[in-house]
């Protein structure tokens, strides 16, 4: 693999994929997260295969350490995003009692539409539009690739538009 032989990597993958996925599924409890972490670990093996030192342990131990690290990184990112989202949603305060009825209704409809978004899109939209973070800042805060942040905001805004148009046509 250190010589970039795809056949060597394929054999390594075939040999260890099941074990790593099983280990990570037990560690993470969510199969999708375990699959993501497994993919990340094998990608890291491919990219860093030249760093493997047989004097420090078996290839399976090296891979297991990488997989565990990728899983813990993923769990930390998800936990941080959930905490950040919860904190941001707490800041969406109710309108003052003297606010006009129409404005209160618009805010409630908007809040309901925002709550209907998938959590990752809701967080990206909230950080961008309620807190004025740049896409790059959101990527750093959530430890998410910049392109993913941009996609989440675009998809979230599109879905918000649909939900708000549905509400307006129903009124």
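The values are calculated or read from the model by the stated rules, or taken from the named source; none is laboratory data. Computed from a prediction, not measured in an experiment: that's the story for all the values here. Here the Cβ is made from the backbone with ideal geometry for all residues, glycine too, and neighbour counts use every protein chain on show.
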Here's a check for you: in segment 112-127, which residue that is more than 13 Å from residue 85 (Cβ to Cβ) and modelled with pLDDT under 90 is surrounded by the most Cβ atoms within 10 Å (Cβ to Cβ)? 113
Which number in (1) over 20 Å from residue 76 (Cβ atoms); (2) surrounded by 19 or more Cβ atoms within 10 Å (Cβ to Cβ) marks the one condition that residue 165 misses? (2)
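So in segment 1-12, with the set limited to residues that are part of a helix (DSSP H, G or I) and surrounded by fewer than 12 Cβ atoms within 10 Å (Cβ to Cβ), which one is farthest from the chain's Cα centre (by Cα)? Reasoning before the result, please.
Initially, segment 1-12 is screened for residues part of a helix (DSSP H, G or I), giving 6-12.
Within this subset, residues satisfying the condition of being surrounded by fewer than 12 Cβ atoms within 10 Å (Cβ to Cβ) are 6-7, 10.
Numbers: 6: 29, 7: 31, 10: 27 Å.
Taking the candidates together, the pick is 7.
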Inside segment 136-150, can you point out the residues that are at pLDDT below 90 and over 22 Å from residue 70 (Cα atoms)? 136, 137
Given the conditions (1) at pLDDT 85 or above; (2) outside the structural domain of residue 17 (by TED's automatic domain parsing), report the number of the one that residue 70 does not fulfil. (2)
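Report, by residue number, each residue of segment 41-56 that is surrounded by fewer than 18 Cβ atoms within 10 Å (Cβ to Cβ) and assigned to a helix (DSSP H, G or I).
Answer for segment 41-56, where residues must be surrounded by fewer than 18 Cβ atoms within 10 Å (Cβ to Cβ) and assigned to a helix (DSSP H, G or I): 43, 44, 46, 47, 50, 51, 54, 55, 56.
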I'd like to check something: does segment 13-29 contain any residue that is out of contact with any helix residue (DSSP H, G or I) (no Cβ under 9 Å at 6 or more places or on another chain) and in a loop (DSSP other than H, G, I, E, B)? yes
